[in-house]
Amino acid sequence: MDSLLSNLKIAVPEKIYVKDPESSDLGKRIVEHSILLIDNIGFDSFTFKKLGTKIGSNESSIYRYFESKHKLLLYLSSWYWAWIEYQLVFETHSLTHSDKLEKAIETVTRAIKEDSNFSHINEVVLNKIMVKENSKSFLTKEVDQENKDGYFVIYKRIVHRLRDMIIAINPKYKFPSSLASTILEGSLHQHFLKDHFTSITDCNDGLSPTIFIKNLVLNTLKS
């Protein structure tokens, strides 16, 4: 899988950015250091001015790639989900229905390891941002229009892949899309609780969110 991924470009919906950050060294530095800075100070405190200072570039040069920090967060979120989707497809394509769903849950919920195929993106740190900040990419007044414009197509595509795997196991289950979206959002939420609100989750270093989500989904589909 590593050799195949090394030849792939993570595709993000073009409307999200003004200029593809993958097309230049500056664009890649903007993405690389925005991840590190958001992780360090949080998205609410993050500004293009602060990012420009970090990378030694004018604030205006960042606007040539992204029209707002919201669009940058949408880019990071889309990139993350596209990266997850590639792994999901490669790791499940040859498995049987039951094994495929179990492997898919593991792939989309497990703790993240850094991927050497993308040297300018620290996937471990990006995952921390997703756990803490991902909801800010869609909890906006513009979400319906942005949805129509295709900003969330990759995220929804993963949900649909999981939904289809659920239907393949139990065609009579009435809530396959709801369960599929719960896998993704529930996993992020449990990772957050594990790190910050330990008294209201059973997940810990020995009992991962992946184990919980697998148990929830597979037992639900048996009933």
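The values are calculated or read from the model by the stated rules, or taken from the named source; none is laboratory data. Predicted, not measured: the structure shown is a model, and the values here were computed from it. Note that we place each Cβ from the backbone using ideal geometry, even for glycine, and neighbour counts take in every protein chain shown. What goes into the accessible areas is simple: the full protein's heavy atoms, side chains included, and nothing from ligands, DNA or RNA. Shrake-Rupley method; radii C 1.70, N 1.55, O 1.52, S 1.80 Å.
One residue stands out in segment 198-213 among those that are buried (at least 18 other Cβ atoms within 10 Å of the Cβ) and not aliphatic (A, V, I, L, M): the one that is farthest from ALA104 (Cα to Cα), namely THR201. For segment 47-71, a residue qualifies if it is closer than 18 Å to GLN145 by Cβ and not basic (Lys, Arg), and the qualifying residues are PHE66, GLU67, SER68, HIS70. Among the numbered conditions (1) in a helix (DSSP H, G or I); (2) at pLDDT 95 or above, the only one that ASP202 does not meet is (1). Looking at ASP195, is it open to solvent by 80 Å² or more (accessible area, probe 1.4 Å) and assigned to a helix (DSSP H, G or I)? Yes: the conditions hold for ASP195. The single condition from (1) under 23 Å from LYS69 (Cβ atoms); (2) assigned to a helix (DSSP H, G or I); (3) of a type outside the set (Lys, Arg); (4) at pLDDT 95 or above that TYR151 fails is (2). Looking at SER78, SER60, just one residue is polar (S, T, N, Q) and touching a residue at least 12 places away in the same chain (Cβ under 8 Å), and that residue is SER78.
When you look at LYS136, is it open to solvent by 50 Å² or more (accessible area, probe 1.4 Å), touching a helix residue (DSSP H, G or I) at 6+ places or on another chain (Cβ under 6 Å) and part of a helix (DSSP H, G or I), yes or no? Full working, then the answer.
Numbers: open to solvent by 50 Å² or more (accessible area, probe 1.4 Å): yes; touching a helix residue (DSSP H, G or I) at 6+ places or on another chain (Cβ under 6 Å): no; part of a helix (DSSP H, G or I): yes.
Taking the combined requirement at face value, the residue does not satisfy it.
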